[in-house]
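K.L.:
Here it is, the structure in full.
The values are calculated or read from the model by the stated rules, or taken from the named source; none is laboratory data. This structure is a prediction, so every number in the text was calculated from the model and none was measured. Glycine gets a Cβ as well: all are built from the backbone with ideal geometry, and neighbour counts include every protein chain shown. The protein model used for the area step is the full one, side chains on, heavy atoms only, and it has no ligands, DNA or RNA in it. Shrake-Rupley method; radii C 1.70, N 1.55, O 1.52, S 1.80 Å.
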Amino acid sequence: MIGRSLDLKKDPFRPRDDDEDVLEAEVPYLSAIGALLYLAQCTRPDISFAVNLLARHSSAPTQRHWTGIKTIFRYLKGTIDMGLFYPYRESRKYGKMGEEPMPFVDTAEYGGRPVDTGPSTGRRTDRANCADVRRSDVFLPSGRITGSISITPYSQNPSDVLVGFADAGYLSDPHKGRSQSGYVFTMGNTAISWRSTKQTLVATSSNHAEIIALHEAVRECIWLRSIIGHIRSTCGLRSTTDEPTSIYEDNAACIEQMKQGFIKGDNTKHIAPKYFYNQQQQSLLKIQVNQVRSEDNVADLFTKSCLNPHLRSMSRALVLEDGTARRGVADGNSRQGKARPMMVVHEKTLGFGN
């Protein structure tokens, strides 16, 4: 959506050059930025990085920056029915009301036999031979994470689980030597909180930038856990914050440092100890930092420019779906007597559509 050149002089979104003119007052640059910021913070996380990039030049925008604004609007016009999809599922088990829904299980992985999941152990039990199998399915753009990664298991109802992703784009602003922090938290596999912002200090390495980004994600995670705990206790629902919240990060060095805490070495002695607040929260079992492949890190969408296939993959991972298609499926099921409750929030709801 927003392409950038590695050559600083050819970067179309560099700051204004001395020989360039500032846009005239009649060009609604600030109004466009305000509308896009509102949209990026409410229903369209896929444009967060692009809008944050162009909002930096609000004080002295040029024709190059205005072209970038129009590019975003063209992208939105082509995806105007896309929005966040929050599904609602009734509590059922084998067709009976009032019980927990059966979780997603890949039965082919177990020879086609039905597999059941305990209420809170996060383990699968094969009914044929009662084998206890560690549950390790986490839904990501390329499928699932499987193997020996230590993760907090999903409960029987995935809508109850808070999952986070954090990433950093090292030197995403090469003109000032700053990196980009990005994080996103999902519940029910749909994004509920996200952020893309330029870091306020110069990171000396990609590891340093990842630690700063993870610090911002952990702060948001602690707040979300508090809000979710308060809402569920007020409504008389069971707590979902007893288990640590999984935050996925793709930098192995950053994850190792979170396990060991602050290390005063040649490579880390300049990093402020406050950024190891993450390690304290992990020791208190509030969070659990796990490694994920870079191509499966959904927060990558908030730290750098993405090619079209990668952008679509990340958008699907955040459950950005076409509201028109969803409404068509719902109408078809309703005519057959099989209504599917759902809620699709997109820019038409906020007054950006026709």
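K.L.:
Could you rank the peptides 23-35, 278-290, 161-173 by their average count of other C-beta atoms within 10 Å per residue, with the highest value first?
P.N.:
161-173, 278-290, 23-35
K.L.:
Now for a separate question. Taking the Cα centre of the range 231-304 as origin, work out the dipole magnitude from +1 charges on Lys and Arg Cβ and -1 charges on Asp and Glu Cβ, in debye rounded to 20.
P.N.:
Here the size comes out at about 360 debye.
K.L.:
Enumerate the amide H contacts of Ala203 below 5 Å, restricted to partners 5 or more residues apart or on another chain; note that Pro and chain-start residues carry no placed amide H.
P.N.:
Residues meeting the criterion, in which the H sits 1.01 Å from N, are Ser179.
K.L.:
Around Asp250, which amide H atoms from residues at least 5 apart in sequence, or from another chain, sit under 5 Å from its own amide H, with H modelled in the peptide plane?
P.N.:
For Asp250, whose amide H was placed from the backbone, the distant partners under 5 Å are Val292.
K.L.:
For the range 34-48, just list the computed ³J(HN,Hα) in residue order, Karplus coefficients 6.51, -1.76 and 1.60, θ = phi - 60°, integers in Hz, with x standing in for Gly and Pro.
P.N.:
x, 5, 5, 4, 4, 5, 5, 8, 10, 9, 10, x, 5, 9, 4
K.L.:
Let me ask another. Below 8 Å, C-alpha to C-alpha, sequence gap of six or more: please give me the relative contact order for the range 1-76 in percent.
P.N.:
Across the range 1-76, relative contact order equals 42 percent.
K.L.:
Now for a separate question. When you count, for each residue, the other Cβ atoms within 10 Å and take the mean per peptide, how do 249-257, 205-213, 296-304 rank with the highest first?
P.N.:
Per-residue Cβ counts within 10 Å, averaged per peptide and sorted highest first, yield 296-304, 205-213, 249-257.
K.L.:
For a quick check: with amide H placed at 1.01 Å from N, whose amide H comes under 5 Å from Ile287's, ignoring anything fewer than 5 positions away on the same chain?
P.N.:
Under 5 Å from the amide H of Ile287: Thr245, Gln282.
K.L.:
Percent of accessible area on the range 196-329 owned by carbon and sulfur, 1.4 Å probe?
P.N.:
54 percent
K.L.:
Something else about it: What are the ³J(HN,Hα) values, in whole Hz, obtained from phi via the Karplus relation 6.51 cos²θ - 1.76 cosθ + 1.60 with θ = phi - 60°, for each residue of the range 193-203 in sequence order, with x given for Gly and Pro?
P.N.:
8, 8, 7, 9, 8, 7, 5, 8, 10, 7, 7
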